[in-house]
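What follows is a single structure, written as structure tokens, with notes after it.
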Amino acid sequence: MKTKEITENNKLIAEFMGMKPSKIFGKYSISKDHCTCNEDTPDKAMNGFASIAKYNTSWDWLMPVVEEIEKLIFDDDIYYEVRQLGGTIVSIMNNDGDELIYIDNEDSRLKSAYRAVVEFIKWYNEERPTVRCNNCYWVGREDDLQIFVDMGENIGKEINYYKGCPNCKTDDYLMDI
């Protein structure tokens, strides 16, 4: 892996883990385990931190990410398990047995696990729920909302459409998550 790719992947992992630069004495700072970056802007601080982060070289850094993945609950009942299948093979599966990520061509377990984590985070960022209905507790993505016709006060006038919860058939209880 090239340095630029490692930096981008480390940034992806840091963001997944909720790390953000904090403004301290007029500078933006981000730190973990004696790796600290202080810069003039949040982007520079995050990029600088990603360039020195050790997710790709240290189990001590990578294992909390694996544990965070295993804590995720998706669509109310789907969870993930990271498996070391022997040698350098790493698999990330959901509880239905669907294999989401399968890495077997790296030269060490750490590299395989790192690559599996990065691929999972990319997948998760595309697939994770973004909307919740606070009435029926349905969770999904914006694309999963259904289009309904507003039949309220506009009878005989302009037709209005809205996206709503597929169960409740309203947008009254929707919330971004």
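Before moving on, here are some points about what is shown:
- Charges were assigned to the Cβ only: +1 to each Lys and Arg, -1 to each Asp and Glu. The resulting dipole of the range 1-53 about its Cα centre is roughly 60 debye.
- Listed by Cβ neighbour count within 10 Å, with the fewest neighbours leading, 121, 89 appear as 89, 121.
- Here the relative contact order of the chain, from alpha carbon pairs under 8 Å that lie six or more residues apart, stands at 13 percent.
- Exposure rule at most 14 other beta-carbon atoms within 10 Å, DSSP loop GluC sites (Glu not before Pro): the chain longest free segment: 1-152
- Folded to 0 to 90 degrees: helix 3-16 orientation relative to the chain principal axis, Cα: 50 degrees
- Neighbour-count ranking [beta-carbon atoms within 10 angstrom, fewest first] of 103, 147: 147, 103
- Relative exposure of 3, 41, 88, judged by other C-beta atoms within 10 Å (fewest first): 3, 41, 88
- Volume of the convex hull of the chain (Cα atoms only), normalised per residue: 171 Å³.
Since every read-out is calculated from the coordinates, none of them should be taken as a lab result. Just so it is clear, the model here is predicted, and its values are computed rather than measured. FYI the Cβ positions are ideal-geometry reconstructions off the backbone, even for glycines, and counts take in every protein chain you see.
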